[in-house]
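S.K.: Structure incoming, see below.
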Amino acid sequence: MSKKTKPAMGEDTAIGNGAPAAERNLGNARNRRMRLRAAWMYFIEEMTQNEIAQHLGVGRVTVVRLLSDARERREIKFSIESGLPECVGLERELEQRFGLSEAVVVPLVATEADATKSIGASTGLYLSNFVRSGMKIGVGWGRTLWESLRYIQESPMSDMSVVSLLGGITRVKHFNPSEFSWRFSNLFQAECYLMPAPAIVDTPQTRQSLIEHCGLGEGFERAKSLDAVLLSVGNLAPSGTAYRDGFVADHLRRSMIEQGAVGEVLFHYFDAQGRLVEHPIHDCVMAAPVSTLQRVPQRIVASGGLHKAEAMLGALRLVKPTVLITDEAAATRIIELDRGTGARPKS
């Protein structure tokens, strides 16, 4: 297929012969994303069809069909008519800059808008197409992940298991790690393995005792054989769930900031370069270690908001996710921060 022009893409809201929005299924949404990604790579980045096929993990014939369908649906135009192409451009830059297999960037009505629901919706749609029978998935916690539950399509999966990667948080009524794990597994009728301990215990000795003598060691071992992990990123703002409700004392939060911490994943605190900070709290956290998370084949991080951009940059460098789901404001700021700090640290 020859390339005579370089048209840009606009958002076509009428997907599929004028079908009403209520009739669009999750598969259609996923296919539309694939069409737009293929068209962006072909017309804007001038990649060959074979290169696109390799990047998307599909056959060349599928790429030809995606491009043809995009034309027929008038998703390829000669002018940019919406914010969606900008999101596709951010997705591609994030993928190239951080070695992601896929980035999903959702648009926002305003830079300072709460991105939680938008990212949650996109995460739910992504997971509905990602989860397969026989999978072992480890999950974290947070508002964004909790919000994704309402958008996940219920679909029984045989021989699937869900593992909570973090202990419980007793002072938080919503977004509890154990509650999220159970609800997530229920959507797929999967086995659910919880970590029956507080997320943070009082001493390193208590942590070691729970692992060695109370059966929690099995959970840590189970985390080593996961197919995928689903994580969210927290920053150290006082308004954060764990700090607002007093689960993590404010003096601890401030002391971690003094050590250079900008964010956390499963209460593993790190700096902007993606290095774990030295702090006693790490010896008391009942959560899968970062080294275990880094070895899981599929690592999905879903988080956003302009206020979390620095924390997310640190998480990208620490966890090295394969998939990132975020919003356009956070994505833009993450890229700006990464450009400003020069070369990324070596792996």
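The values are calculated or read from the model by the stated rules, or taken from the named source; none is laboratory data. All values reported here derive from a predicted model rather than from experimental measurement. Glycine also receives a Cβ, built like all others from the backbone with ideal geometry; neighbour counts cover every protein chain displayed.
S.K.: Quick check on this structure: which one of 96, 49 is at pLDDT 90 or above and over 26 Å from the mean Cα position of the chain (by Cα)?
M.R.: Going through 96, 49 in turn, the sole match is 49.
S.K.: Turning to a different aspect of this structure: I need the full set of residues from the range 265-319 which are under 16 Å from the mean Cα position of the chain (by Cα) and either at pLDDT below 95 or farther than 29 Å from residue 210 by Cβ (or both), in order please.
M.R.: 304, 305, 306, 308, 309, 310, 312, 313, 316, 317
S.K.: State which residue is surrounded by the fewest Cβ atoms within 10 Å (Cβ to Cβ) when the search covers only the range 196-223 and only residues that are touching a Phe, Trp or Tyr at 6+ places or on another chain (Cβ under 9 Å) and among the aliphatic types (A, V, I, L, M).
M.R.: 211
S.K.: Additional query: What number of residues in the range 282-309 are buried (at least 20 other Cβ atoms within 10 Å of the Cβ) and not small (Gly, Ala, Ser)?
M.R.: Here the count works out to 8.
S.K.: Please work out if residue 314 is surrounded by fewer than 24 Cβ atoms within 10 Å (Cβ to Cβ) and in contact (Cβ under 8 Å) with a residue 40 or more places away in the chain.
M.R.: Answer is no for this residue.
Per-residue answers, yes or no, for (1) in the same structural domain as residue 45 (by TED's automatic domain parsing); (2) closer than 20 Å to residue 218 by Cβ; (3) at pLDDT below 90; (4) not in a helix (DSSP H, G or I):
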residue: 100; (1), (2), (3), (4): no, no, no, yes
residue: 112; (1), (2), (3), (4): no, no, yes, yes
residue: 129; (1), (2), (3), (4): no, no, no, no
residue: 145; (1), (2), (3), (4): no, no, no, no
residue: 196; (1), (2), (3), (4): no, yes, yes, yes
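S.K.: Among the residues of the range 114-136, what is the count of those that are surrounded by 14 or more Cβ atoms within 10 Å (Cβ to Cβ) and in contact (Cβ under 8 Å) with a residue 60 or more places away in the chain?
M.R.: Matching residues across the range 114-136 total 15.
S.K.: Turning to a different aspect of this structure: Please go through (1) surrounded by 13 or more Cβ atoms within 10 Å (Cβ to Cβ); (2) in a helix (DSSP H, G or I); (3) at pLDDT below 90 for residue 22 and return the number of the only condition it doesn't satisfy.
M.R.: (1) is the only condition that residue 22 fails.
S.K.: Just the residues that are outside any helix (DSSP H, G or I) and of a type in the set (Ser, Thr, Tyr), please, taken from the range 263-292.
M.R.: Result: 269, single match.
S.K.: In the range 148-171, what residues are assigned to a loop (DSSP other than H, G, I, E, B) and either among the hydroxyl-bearing types (Ser, Thr, Tyr) or not assigned by TED's automatic domain parsing to the domain that holds residue 125 (or both)?
M.R.: Within the range 148-171, 155, 158, 170 meet the criteria.
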